[in-house]
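**Student:** Encoded as C-alpha coordinates, here's the structure I'll be asking about.
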Amino acid sequence: MDELSKYKDYANKVINGEIVACEYIKLACKRYLSFFDNNDMIFRPEEVERVIKFISKFKHFTGSHYGSFFILQDWQKFIIYNIYGFFYKSTGKRVTNNVYIEVARKNGKTALISMLSLYALIGDREQNAQVILAATSAKQAKICYDMCSKYLKPIDEKNKYFQRYRDNIRFNATDSTLFIVAADAKKLDGYNASFFVCD
(Lines give C-alpha, C1' and ligand atoms only; values in the text may rest on other atoms or scores of the structure.)
Protein backbone atom coordinates (compact mmCIF):
# COMPACT_ATOMS: atom_id res chain seq x y z
CA MET A 1 0.00 0.00 0.00
CA ASP A 2 1.19 3.52 -0.84
CA GLU A 3 2.60 5.12 2.33
CA LEU A 4 0.81 8.33 1.36
CA SER A 5 -2.56 6.64 0.78
CA LYS A 6 -4.12 8.04 3.98
CA TYR A 7 -3.48 11.53 2.63
CA LYS A 8 -5.19 10.67 -0.66
CA ASP A 9 -8.17 8.80 0.81
CA TYR A 10 -10.58 11.74 1.20
CA ALA A 11 -9.86 13.08 -2.29
CA ASN A 12 -10.29 9.63 -3.86
CA LYS A 13 -13.60 9.09 -2.06
CA VAL A 14 -14.90 12.43 -3.32
CA ILE A 15 -13.90 11.64 -6.89
CA ASN A 16 -15.38 8.14 -6.92
CA GLY A 17 -18.64 9.31 -5.32
CA GLU A 18 -18.31 7.72 -1.87
CA ILE A 19 -18.41 11.23 -0.42
CA VAL A 20 -21.08 13.49 -1.92
CA ALA A 21 -19.56 16.76 -3.10
CA CYS A 22 -20.14 19.51 -5.64
CA GLU A 23 -18.16 19.88 -8.86
CA TYR A 24 -15.82 22.50 -7.37
CA ILE A 25 -14.75 20.19 -4.55
CA LYS A 26 -14.24 17.35 -7.03
CA LEU A 27 -12.01 19.61 -9.11
CA ALA A 28 -10.09 20.63 -5.99
CA CYS A 29 -9.55 16.96 -5.16
CA LYS A 30 -8.32 16.19 -8.69
CA ARG A 31 -5.92 19.12 -8.52
CA TYR A 32 -4.67 17.99 -5.12
CA LEU A 33 -4.01 14.43 -6.31
CA SER A 34 -2.21 15.73 -9.40
CA PHE A 35 0.38 17.37 -7.14
CA PHE A 36 1.57 13.92 -6.02
CA ASP A 37 2.58 13.25 -9.63
CA ASN A 38 4.42 16.54 -10.03
CA ASN A 39 8.16 15.84 -10.03
CA ASP A 40 8.91 19.39 -8.85
CA MET A 41 7.00 18.85 -5.60
CA ILE A 42 7.21 16.61 -2.56
CA PHE A 43 4.54 15.85 0.04
CA ARG A 44 5.80 15.93 3.62
CA PRO A 45 3.50 13.96 5.96
CA GLU A 46 5.41 15.13 9.04
CA GLU A 47 4.44 18.73 8.30
CA VAL A 48 0.70 18.10 8.14
CA GLU A 49 0.85 15.83 11.19
CA ARG A 50 2.61 18.62 13.05
CA VAL A 51 -0.32 20.95 12.37
CA ILE A 52 -2.94 18.32 13.23
CA LYS A 53 -1.16 17.43 16.49
CA PHE A 54 -0.94 21.13 17.39
CA ILE A 55 -4.67 21.62 16.88
CA SER A 56 -5.51 18.49 18.89
CA LYS A 57 -4.02 20.11 22.03
CA PHE A 58 -6.81 22.69 22.22
CA LYS A 59 -10.29 22.25 23.70
CA HIS A 60 -13.66 23.53 22.60
CA PHE A 61 -14.97 26.26 24.88
CA THR A 62 -18.64 26.33 23.92
CA GLY A 63 -21.56 24.23 22.67
CA SER A 64 -22.07 20.48 22.80
CA HIS A 65 -18.33 19.83 22.40
CA TYR A 66 -17.40 22.02 25.38
CA GLY A 67 -14.31 20.69 27.15
CA SER A 68 -13.47 18.10 24.50
CA PHE A 69 -10.28 18.21 22.46
CA PHE A 70 -10.37 19.61 18.94
CA ILE A 71 -10.60 16.60 16.61
CA LEU A 72 -10.50 17.47 12.94
CA GLN A 73 -12.97 15.99 10.47
CA ASP A 74 -11.71 14.55 7.18
CA TRP A 75 -12.64 17.63 5.13
CA GLN A 76 -10.74 19.82 7.58
CA LYS A 77 -7.69 17.58 7.34
CA PHE A 78 -7.95 17.81 3.56
CA ILE A 79 -7.63 21.59 3.83
CA ILE A 80 -4.54 21.20 5.99
CA TYR A 81 -3.02 18.67 3.57
CA ASN A 82 -3.40 21.20 0.77
CA ILE A 83 -1.90 24.11 2.70
CA TYR A 84 0.91 22.49 4.63
CA GLY A 85 1.75 19.29 2.77
CA PHE A 86 3.41 20.23 -0.51
CA PHE A 87 6.89 21.73 -0.90
CA TYR A 88 9.03 22.58 -3.90
CA LYS A 89 12.00 20.25 -4.11
CA SER A 90 14.29 22.97 -5.44
CA THR A 91 13.70 25.57 -2.72
CA GLY A 92 12.10 23.69 0.17
CA LYS A 93 9.35 26.32 0.27
CA ARG A 94 5.65 25.59 0.55
CA VAL A 95 3.74 25.36 -2.70
CA THR A 96 0.54 26.84 -1.26
CA ASN A 97 0.65 30.46 -0.14
CA ASN A 98 -2.86 31.72 -0.87
CA VAL A 99 -6.04 29.90 0.09
CA TYR A 100 -9.73 30.53 -0.48
CA ILE A 101 -12.00 28.58 1.88
CA GLU A 102 -15.78 28.62 1.53
CA VAL A 103 -17.81 26.64 4.06
CA ALA A 104 -21.53 26.59 4.83
CA ARG A 105 -22.59 28.35 8.03
CA LYS A 106 -22.24 26.53 11.35
CA ASN A 107 -19.60 24.08 10.10
CA GLY A 108 -16.70 25.39 12.15
CA LYS A 109 -14.96 27.61 9.58
CA THR A 110 -14.01 30.29 12.10
CA ALA A 111 -12.85 27.70 14.64
CA LEU A 112 -10.57 26.11 12.03
CA ILE A 113 -9.20 29.49 10.92
CA SER A 114 -8.57 30.37 14.57
CA MET A 115 -6.55 27.19 14.99
CA LEU A 116 -4.49 27.90 11.87
CA SER A 117 -3.94 31.48 13.06
CA LEU A 118 -2.63 30.21 16.38
CA TYR A 119 -0.40 27.73 14.58
CA ALA A 120 1.03 30.63 12.55
CA LEU A 121 1.63 32.53 15.78
CA ILE A 122 3.12 29.69 17.82
CA GLY A 123 4.09 26.61 15.82
CA ASP A 124 5.11 27.61 12.30
CA ARG A 125 8.80 28.25 13.09
CA GLU A 126 8.41 31.92 12.20
CA GLN A 127 10.44 34.43 14.19
CA ASN A 128 8.70 37.79 14.66
CA ALA A 129 5.52 36.48 13.03
CA GLN A 130 2.71 38.91 12.25
CA VAL A 131 -0.65 37.16 12.18
CA ILE A 132 -3.28 39.59 10.93
CA LEU A 133 -7.03 39.03 11.13
CA ALA A 134 -8.99 41.37 8.86
CA ALA A 135 -12.63 41.85 7.91
CA THR A 136 -14.85 44.59 6.53
CA SER A 137 -15.04 45.89 10.10
CA ALA A 138 -12.88 45.43 13.19
CA LYS A 139 -15.98 44.05 14.94
CA GLN A 140 -16.23 41.22 12.41
CA ALA A 141 -12.50 40.47 12.64
CA LYS A 142 -12.78 40.34 16.42
CA ILE A 143 -14.98 37.22 16.22
CA CYS A 144 -11.99 35.17 15.05
CA TYR A 145 -9.67 36.99 17.43
CA ASP A 146 -11.91 36.24 20.44
CA MET A 147 -11.86 32.56 19.50
CA CYS A 148 -8.05 32.59 19.40
CA SER A 149 -7.93 34.22 22.82
CA LYS A 150 -10.42 31.78 24.34
CA TYR A 151 -8.60 28.75 22.94
CA LEU A 152 -5.39 29.98 24.57
CA LYS A 153 -6.88 30.75 27.97
CA PRO A 154 -7.03 27.18 29.40
CA ILE A 155 -3.42 26.45 28.48
CA ASP A 156 -2.05 29.74 29.83
CA GLU A 157 -4.46 31.11 32.44
CA LYS A 158 -1.79 33.29 34.09
CA ASN A 159 -0.53 34.83 30.86
CA LYS A 160 2.92 33.37 31.43
CA TYR A 161 3.62 32.70 27.75
CA PHE A 162 1.05 34.88 26.02
CA GLN A 163 -0.07 38.42 26.69
CA ARG A 164 -3.70 38.66 25.62
CA TYR A 165 -5.08 42.17 25.16
CA ARG A 166 -8.29 43.64 23.75
CA ASP A 167 -7.17 43.43 20.12
CA ASN A 168 -3.81 41.62 20.06
CA ILE A 169 -1.97 38.61 21.44
CA ARG A 170 1.78 38.60 21.98
CA PHE A 171 3.95 35.49 22.04
CA ASN A 172 7.24 36.72 23.46
CA ALA A 173 9.18 33.48 22.90
CA THR A 174 9.42 34.37 19.19
CA ASP A 175 8.50 38.06 19.46
CA SER A 176 5.34 37.34 17.47
CA THR A 177 1.96 39.06 17.42
CA LEU A 178 -1.60 38.25 16.38
CA PHE A 179 -3.85 41.26 15.92
CA ILE A 180 -6.98 42.54 14.19
CA VAL A 181 -7.48 45.28 11.60
CA ALA A 182 -10.34 46.59 9.51
CA ALA A 183 -9.76 45.71 5.86
CA ASP A 184 -9.11 49.27 4.71
CA ALA A 185 -6.30 49.16 2.14
CA LYS A 186 -5.31 52.76 2.92
CA LYS A 187 -4.43 51.81 6.50
CA LEU A 188 -2.65 48.49 5.92
CA ASP A 189 0.70 49.82 4.67
CA GLY A 190 3.73 48.90 6.75
CA TYR A 191 2.64 45.46 7.88
CA ASN A 192 4.73 42.40 7.07
CA ALA A 193 2.19 39.63 7.49
CA SER A 194 3.39 36.06 7.83
CA PHE A 195 -0.25 34.90 7.97
CA PHE A 196 -3.21 36.98 6.85
CA VAL A 197 -6.92 36.16 7.21
CA CYS A 198 -9.60 38.20 5.43
CA ASP A 199 -13.17 37.30 6.38
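**Student:** Using a 10 Å Cβ count of at most 12 others and DSSP loop calls, identify the longest part of the chain lacking such GluC sites (Glu not before Pro).
**Tutor:** 19-101
**Student:** If eta is 0.890 mPa s and T is 25 °C, what Stokes-Einstein diffusion coefficient results for the range 114-189, Kirkwood Rh from Cα pairs, in µm²/s?
**Tutor:** Here the translational diffusion coefficient equals 196 µm²/s.
**Student:** Right, another one. First select every other residue whose beta carbon is under 9 angstrom from the beta carbon of residue 19; then total the charges, Lys and Arg +1, Asp and Glu -1.
**Tutor:** Around residue 19, the charge tally is -1.
**Student:** Continuing with this model, one more query. Viscosity 0.692 mPa s, temperature 37 °C: what is the translational diffusion coefficient of the range 1-105 from Stokes-Einstein with a Kirkwood Rh over Cα pairs, rounded to a whole number of µm²/s?
**Tutor:** 217
**Student:** By the scheme Lys and Arg +1, Asp and Glu -1, what is the net charge of all other residues having a beta-carbon under 14 Å from that of residue 54?
**Tutor:** Local charge sum for residue 54: +1.
**Student:** If you don't mind, there's one more thing I want to ask. DSSP loop (so not H, G, I, E, B), at most 13 other Cβ within 10 Å: list which chymotrypsin sites (Phe, Trp or Tyr not before Pro) in the range 40-103 pass both filters.
**Tutor:** Qualifying residues, ordered by number: 66, 100.
**Student:** Please compute the Kirkwood hydrodynamic radius of the range 1-52 from all pairs of different C-alpha atoms, in Å with one decimal.
**Tutor:** This gives a value of 12.0 Å.
**Student:** Moving on. Efficiency by 1/(1 + (r/R0)^6): what FRET value for residue 49 and residue 137, r their Cβ-Cβ distance, R0 = 30 Å, to the nearest 0.05?
**Tutor:** For R0 = 30 Å, the calculated efficiency reads 0.25.
**Student:** With θ set to phi - 60°, apply the Karplus curve 6.51 cos²θ - 1.76 cosθ + 1.60 along the range 156-169 and write out the HN-Hα couplings as whole Hz, x wherever there is a Gly or Pro.
**Tutor:** Result, rounded to whole Hz: 8, 5, 9, 6, 6, 9, 10, 9, 9, 10, 5, 9, 7, 10.
**Student:** Determine the percent antiparallel among the DSSP beta bridges restricted to the chain, to the nearest 5.
**Tutor:** For the chain, the DSSP antiparallel bridge percentage is about 55.
**Student:** Sticking with this one: Angle check, please: helix 74-84 long axis (alpha carbons) against the longest principal axis of the chain (alpha carbons), in degrees 0 to 90, nearest 10.
**Tutor:** Compared with the principal axis, the helix lies near 80 degrees.
**Student:** Could you check how much of the accessible area of the range 49-199 is carbon and sulfur, as a whole percent, using a 1.4 Å probe?
**Tutor:** Roughly 49 percent, rounded to a whole number.
**Student:** Provide the percentage of antiparallel DSSP beta bridges, counting only those with both residues in the range 119-199; round to the nearest 5.
**Tutor:** Expressed as a percentage, antiparallel bridges in the range 119-199 total about 40.
**Student:** Quick one: plug the Kirkwood hydrodynamic radius of the range 49-145 (C-alpha pairs) into Stokes-Einstein at 4 °C, 1.567 mPa s, and report D in µm²/s.
**Tutor:** 87
**Student:** Another question about this same structure. When the expected Rg is taken as 2.2 N^0.38 Å, what fraction or multiple of it is the alpha-carbon Rg of the chain?
**Tutor:** Computed over Cα atoms of the chain, the ratio equals 1.07.
**Student:** Sticking with this structure for a sec: Calculate for the chain the 222 nm mean residue ellipticity that helices alone would give, adding -39,500 (n - 2.57) per DSSP H run of length 4 or more and normalising by residue count, nearest 500 deg cm²/dmol.
**Tutor:** Helix contribution divided over all residues of the chain: -11000 deg cm²/dmol.
**Student:** Moving to a separate point now. Among 136, 101, 118, whose Cα lies farthest out toward the positive end of the dipole of the range 101-168, if unit charges sit on the beta carbon of Lys, Arg (+1) and Asp, Glu (-1)?
**Tutor:** 136
**Student:** Label residue 182 and residue 69 with points 7 Å out from Cα along Cα→Cβ: what is the distance between them in nm?
**Tutor:** 4.2
**Student:** Around residue 40, with a cut-off of 12 angstrom between Cβ atoms, what is the net charge of the other residues, counting Lys and Arg +1 and Asp and Glu -1?
**Tutor:** +1
**Student:** Please compute the per residue accessible area over the range 114-199 with all protein chains in place, 1.4 Å probe, rounded to a whole number of Å².
**Tutor:** Using a 1.4 Å probe on heavy atoms only, each residue of the range 114-199 averages 56 Å².
The values are calculated or read from the model by the stated rules, or taken from the named source; none is laboratory data. Bear in mind that the values here come from a model prediction, so they are computed numbers and not experimental data. Cβ: placed from backbone, ideal geometry, glycine included. Neighbour counts: every protein chain shown. Ligands, DNA and RNA are excluded from the accessible area calculation, which covers all protein heavy atoms including side chains. Shrake-Rupley method; radii C 1.70, N 1.55, O 1.52, S 1.80 Å.
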